[in-house]
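The values are calculated or read from the model by the stated rules, or taken from the named source; none is laboratory data. What you are looking at is a predicted structure, and each value in this text was computed from that prediction instead of being measured. Note: ideal-geometry Cβ built from the backbone for every residue, glycine included; neighbour counts use all protein chains shown.
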Amino acid sequence: MAGGWAKDGAVSEQIEASINDELARLKARKLPQGESLTHCAECEEPIPEARRLALPGVKLCIDCVQERDQKFQARGGMNRRGSKDSQLK
């Protein structure tokens, strides 16, 4: 169902495009490469062999990764394609 000047399916297309953009951004992230370290690059604790085999190129232990992830702040969820409210102004 379209509303106003929008064509049928415009909202669905906008949602799908936003999801595809985010998936592309996530896929573009660089994954660890090369040989895994035997000890963490930050705290120098040993990295378990199972972790090194599961994630080739791993450089951090689980504790340091979890600490870094907690500090991560999600980017704003601004819809750059414009929202219905911005189009009405």
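Structure above, values below:
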{"quantity": "Cβ-Cβ under 7 Å pairs, at least 6 apart or on other chains, region 41-61 side in a helix (DSSP H, G or I), far side hydrophobic (A, V, I, L, M, F, W, C)", "calculated": "Arg51/Val58; Arg51/Ile62; Arg52/Val58"}
{"quantity": "Flag for Leu31 being surrounded by fewer than 10 Cβ atoms within 10 Å (Cβ to Cβ), modelled with pLDDT under 90 and not in a loop (DSSP other than H, G, I, E, B)", "calculated": "no"}
